[in-house]
Amino acid sequence: MSSIAQKRGFGATLWEYLTTIDHKKIAILYLLSGGLFFVVGGIEAMLIRIQLAQPDNDFVSAGLFNQIITMHGTTMIFLAAMPLLFGFMNAVVPLQIGARDVAFPFLNSLGFWLFFFGGVFLNLSWFLGGAPDAGWTSYASLSIYSPGHGIDFYALGLQISGAGTLIAGINFLVTIINMRAPGMTYMRMPLFTWTTFVASALILFAFPPLTIGLFLMIFDRMFGANFFDHTMGGNTIIWEHLFWIFGHPEVYILVLPAFGIFSEIFPIFSRKRLFGYSSMVFATVLIGFLGFMVWAHHMFTTGLGATANAIFAVATMAIAVPTGVKIFNWLLTMWGGNIRFATPMIYAVAFIPTFVAGGVTGVMQAAAPLDYQLHDSYFIVAHFHYVIVGGVVLALLAGLHLYWPIMTNKLLSETMGKWTFWLFFIGFHLTFFIQHFLGLLGMPRRVFTYGADQGWDTFNLISSSGAVLMAAGVIILLVNIVMSLMSKDYVGRDPWGDGRTLEWAIPQPVPFYNFEKTPLVRGLDTFWIEKQEGNEEGMVYAEPLGDIHMPNNSIIPLIMAFGLFVAAFGAMYHQDEGKGWTLIFLIIGLLITLGSMAVRSLKDDLGYHVHKEDLPSYKGGNE
Amino acid sequence: MMKGLKKWRLFSILAALTVFLSACGKEQLSTLTPAGEVGKEQLDLMILSTGIMVLVIVVVIAIYAIAIVKFRRSKVGENHMPKQVEGSHTLEIIWTIIPIILLLILAVPTVVSTYNLADVKGMTAKDQEGNAKNLTVNVTAKLYWWEFEYPDLGVVTSQELVVPTGEKVYFNIKASDVKHSFWVPAIGGKLDANTDNLNTFYLTFDEKSEGLEDGVFYGKCAELCGPSHALMDFKVKSMDRDSFNTWVDSMKATGEETASAEGATASQGQELFEASCMSCHAVSGAGSGGGIAPNLTTFGDRNRVAGFLPHDEENIKAWINDPQYFKPGNKMPQPETINNGKKFTDEELSALAEYLLGLSVEK
């Protein structure tokens, strides 16, 4: 085994990626497929804005519109934002904590393939009789009532995908708890690792309610169970609770890693350590905790009663405090620093006012009586896009530019990066700021059309034109990515010059075993400390050079996930009359999965060793 | 450049707010021009919260603008090495305490108002003769229309809610098929129509709807309920108590006499209606709710056809001729299924339209 990159044919590269269990390659798989779904979700968004650009438009039909909004929301949350974040977590977290890989590399790969096949299954609904159409929240009365297989695609696809997410979350928890390099105490962990840790804990507790909810829905639709049918003793509000007990923490699952990325960017590009590190950590944990206490603020108008509404209103407002602490800490990180406006930093700087605007409208909605007016109106649409695009998507774009060199040993073009930023940023505010007012003027959300006599025409047109700018920004980004991949300008280690944490200390291209010797961590911002003390190598080590144990690649995770994909088709069509083959599909699919699990269990796979003689820094045997 | 941008943005936010709050928006639809106590209370809360939040934004933007202007690399020099400050307990405590205070200022009125708006004790209040003191309306949301039943008055209507001004009107809200949400933006916040249970709240209508552009307030369905969710509108007529009592009396009177059409065409329409439509649509406003199709007693007084089309003969004919085209997924049968397998001829449609337009209690 050699760490030196070799030229390979396309087939070999493809096989490598299908079987890889290396966190860096899995990161690329997450980014590729997440990026693909992001583009799909973006196209859906454009269709929505075209339809709403003018009143009484008939660009798409009413039923199709509902499918588009449902798939836009579902795709963006489950298949774009979350996997893209997983991409960065995979690419960065093991490097940041000085680990050779995640704790369970095989499961890491399984998590990815489950997400991927779940996402493919969900999107195949477009070609197989219609996509889900009950909104991304899929409220039970409507989703039970919905004809066709759309909702089945939703329930089964998300179930498979969600299993992958849960696996990935558990994996990161174990990795961060167990695999930190010597000296990296919890209070020396970089913020991105901290937020990944808290987000993973949220996944661990938030995804099971979703899993249960989806199972109840699958049972209702497949086997005629009546969990949500009120005429048979079921209750639709149970779905709302289950969904939001998952759904509210989900927002933090997305936004906390985004905060983590920004918490890395501000110190690097201000050349200054993060202000109030310990309060940042505390705020992160507190936000994660409170995230579970406030789900019913999505249900103020459901009719839970004044006491429930009052309690959840106050609890929701409380979240503003730790979030505010974070905002001020970021501001003070810049204060007194030496700010360089590279592309990642521009996104970070733009994030602050945008996210503050999204945050304060969140507090407004927390005031329950006011929410009676705002709920399910365009004000809400504006709010959550300010939070999710202004927080998460800006972080994803920033993180892409920031970590691109760690993943590819190249930089993205700064010029094109700035074009992308300005188009996207201006387009974003144009699209969504005005929607606050549409909501206040009485426009409900999820409407496929609106009458010309209601005073919403101009605002909707402005909103749609902003969406065009956002799309243009994304197109430039794609060009930027392709051009960077084709270029041969390698940048080497620490390309931003002011890297502070361990991932910037690693030689480029990152060897597949990450660290020859496990580093020793001597404080927060490890790499920075070493640089300040004049350590050229950027690391001190905790152990002598030795053989490195690595796991073998495996195709089994892909096959395991594929089995569930096949079984899901069987399960879905089984409810139709006269389709005997469905049962066979279901059984074969499950056999594929169970069989590959058996193979994995029975066959010893002990991995292999990279001998120290083969490592680049081995000089004659004596350390 | 950044500084100029931020200033520009702040200025435009304020300017936009002023313009929108004062001028834009339809009086019959906007939450910013409330015509009822509930809506006013909610607007007050909105102004309070917006005020606090704008204050927060101003502070953040100020620190932010100074930071990014003062400490940019071009100002402080390429090689400047900032002091590696760890943090400041004093500052961190300040920006924990101040938000808590700001939130308390908002939380107290929020909680008070939450309980106020949920107070429906008046619903069951009776006067000395045992009659209900206050008006209660049972709202039933259906695919894609609204039924309004006045249980204490023995009157039922649909698509147009008629209410007296200046008093609390209590609502029992439920859905008969899938979830909907009952919302009259200009009057006050919404409440979901669940399939499982009854939701109750009250609204007050302080202004008469007569002077408005359309003579009605607009009501909306706010919860996604299927393809025609966007078209599930209703209208609200508010009038003084005397006119309301008159309206109730004339509604009750429709129970005693069968609505007799005036003129030959209308009579033909009535015959057609009785043969084809009567099994679903009632034309008497006296009675109770639970109809499978909108009650058409007040059809001639309405402001819209099917909740959203302009109220004229053309649209009535077009609607009857192909209801699925206008509101996909609604429960009204296509004309073939109720007219012996044939579409209505143009003449028949005109007759129906004329008959329907004659159904009125207000003229």
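The values are calculated or read from the model by the stated rules, or taken from the named source; none is laboratory data. None of the values given here were measured: they were computed from a predicted structure. Here Cβ is always computed from backbone atoms with ideal geometry, including for glycine, and neighbour counts include all displayed protein chains. Calculation scope for accessible area: heavy atoms of the full protein, side chains included, ligands and nucleic acids excluded. Shrake-Rupley method; radii C 1.70, N 1.55, O 1.52, S 1.80 Å.
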Per the filter on region B:190-204, residues in contact with a helix residue (DSSP H, G or I) (Cβ under 6 Å, 6 or more places away or on another chain), within 9 Å of another protein chain (Cβ to nearest Cβ) and assigned to a strand (DSSP E or B) are B:LYS190, B:LEU191, B:ASP192
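Every residue, every condition in (1) small (Gly, Ala, Ser); (2) under 30 Å from A:PHE421 (Cα atoms), yes or no:
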| residue | (1), (2) |
| --- | --- |
| A:GLY466 | yes, yes |
| A:LEU469 | no, yes |
| A:LYS488 | no, yes |
| A:GLN508 | no, yes |
| A:GLY523 | yes, no |
| A:GLY538 | yes, no |
| A:MET550 | no, no |
Residue within region B:52-63 that is out of contact with any strand residue (DSSP E or B) (no Cβ under 7 Å at 6 or more places or on another chain) and in a loop (DSSP other than H, G, I, E, B) present: no
I'd like to know if region A:546-557 contains one or more residues that are exposed (fewer than 14 other Cβ atoms within 10 Å of the Cβ) and assigned to a helix (DSSP H, G or I). no
Condition first: farther than 20 Å from A:PHE223 by Cβ and open to solvent by 70 Å² or more (accessible area, probe 1.4 Å). Now tell me which residues in region A:562-587 satisfy that. A:PHE562
Region B:280-317 - residue that is within 14 Å of chain A (Cβ to nearest Cβ) and not in a loop (DSSP other than H, G, I, E, B) and, of those, surrounded by the most Cβ atoms within 10 Å (Cβ to Cβ): B:VAL305
Flagged in region B:204-223 as open to solvent by less than 10 Å² (accessible area, probe 1.4 Å) and either of a type in the set (A, V, I, L, M, F, W, C) or over 15 Å from the mean Cα position of the chain (by Cα) (or both), in numbering order, are B:PHE205, B:VAL216, B:PHE217, B:CYS221, B:ALA222
If you go through A:ILE253, A:ILE245, the only one that is β-branched (Val, Ile, Thr), in contact with a Phe, Trp or Tyr (Cβ under 6 Å, 6 or more places away or on another chain) and part of a helix (DSSP H, G or I) is A:ILE245
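The rows are residues; the columns are (1) facing chain A (nearest Cβ under 8 Å); (2) modelled with pLDDT of 90 or more; (3) within 20 Å of A:PRO369 (Cα to Cα); (4) in contact with a Ser or Thr (Cβ under 7 Å, 6 or more places away or on another chain).
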position: B:LYS7; (1), (2), (3), (4): no, no, no, no
position: B:GLY25; (1), (2), (3), (4): yes, no, no, yes
position: B:GLU41; (1), (2), (3), (4): yes, yes, yes, yes
position: B:SER49; (1), (2), (3), (4): yes, yes, yes, no
position: B:VAL60; (1), (2), (3), (4): yes, yes, no, no
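Looking only at region B:92-104, count how many residues are more than 7 Å from chain A (Cβ to nearest Cβ) and surrounded by 14 or more Cβ atoms within 10 Å (Cβ to Cβ).
Summing the residues that are more than 7 Å from chain A (Cβ to nearest Cβ) and surrounded by 14 or more Cβ atoms within 10 Å (Cβ to Cβ) in region B:92-104 gives 2.
Residue-wise test of (1) within 14 Å of chain A (Cβ to nearest Cβ); (2) open to solvent by 10 Å² or more (accessible area, probe 1.4 Å); (3) within 18 Å of B:PHE308 (Cβ to Cβ); (4) touching a His at 6+ places or on another chain (Cβ under 8 Å).
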| position | (1), (2), (3), (4) |
| --- | --- |
| B:LYS126 | no, yes, no, no |
| B:LYS133 | no, yes, no, no |
| B:ASN138 | no, yes, no, no |
| B:TRP145 | no, yes, yes, no |
| B:TYR150 | no, no, no, no |
| B:VAL162 | no, no, no, no |
| B:ASN172 | yes, yes, no, no |
Does B:PHE182 fit the bill of being touching a residue at least 12 places away in the same chain (Cβ under 8 Å), over 17 Å from B:PHE308 (Cβ atoms) and within 14 Å of another protein chain (Cβ to nearest Cβ)? no
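Could you list, in sequence order, all residues of region B:63-80 that are facing chain A (nearest Cβ under 7 Å), without any contact (Cβ under 8 Å) to a residue 60 or more places away in the chain and of a type in the set (A, V, I, L, M, F, W, C)?
Hits for region B:63-80 are B:ILE63, B:ALA67, B:PHE71, B:VAL76.
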Inside region B:208-248, can you point out the residues that are farther than 21 Å from A:GLY442 by Cβ and hydroxyl-bearing (Ser, Thr, Tyr)? B:SER243, B:THR246
Which of the numbered conditions does A:ILE261 fail, given that it passes all the others? Conditions: (1) open to solvent by 10 Å² or more (accessible area, probe 1.4 Å); (2) among the aliphatic types (A, V, I, L, M); (3) under 20 Å from the mean Cα position of the chain (by Cα). (1)
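Could you tell me how many of the residues in region B:147-189 are part of a strand (DSSP E or B) and either out of contact with any Pro (no Cβ under 6 Å at 6 or more places or on another chain) or at pLDDT 95 or above (or both)?
Just the residues of region B:147-189 that are part of a strand (DSSP E or B), to begin with: B:147-150, B:155-158, B:160-164, B:168-175, B:180-184, B:188-189.
Remaining after also requiring either out of contact with any Pro (no Cβ under 6 Å at 6 or more places or on another chain) or at pLDDT 95 or above (or both): B:147-150, B:155-157, B:160-164, B:168-175, B:180-184, B:188-189.
Residues meeting the conditions: 27.
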A careful count of residues in region A:116-140 that are open to solvent by less than 10 Å² (accessible area, probe 1.4 Å) and either in contact with a Phe, Trp or Tyr (Cβ under 9 Å, 6 or more places away or on another chain) or over 30 Å from B:LYS142 (Cβ atoms) (or both) gives 11
Complete set of residues in region B:232-249 that are at the interface with chain A (Cβ under 10 Å from one of its Cβ atoms) and crowded, with 24+ Cβ neighbours inside 10 Å: B:MET232
Identify the residue in region A:347-398 that is of a type in the set (Val, Ile, Thr), open to solvent by less than 10 Å² (accessible area, probe 1.4 Å) and closer than 20 Å to A:VAL474 by Cα and, among all such residues, is nearest to the other protein chains (Cβ to nearest Cβ). A:VAL349
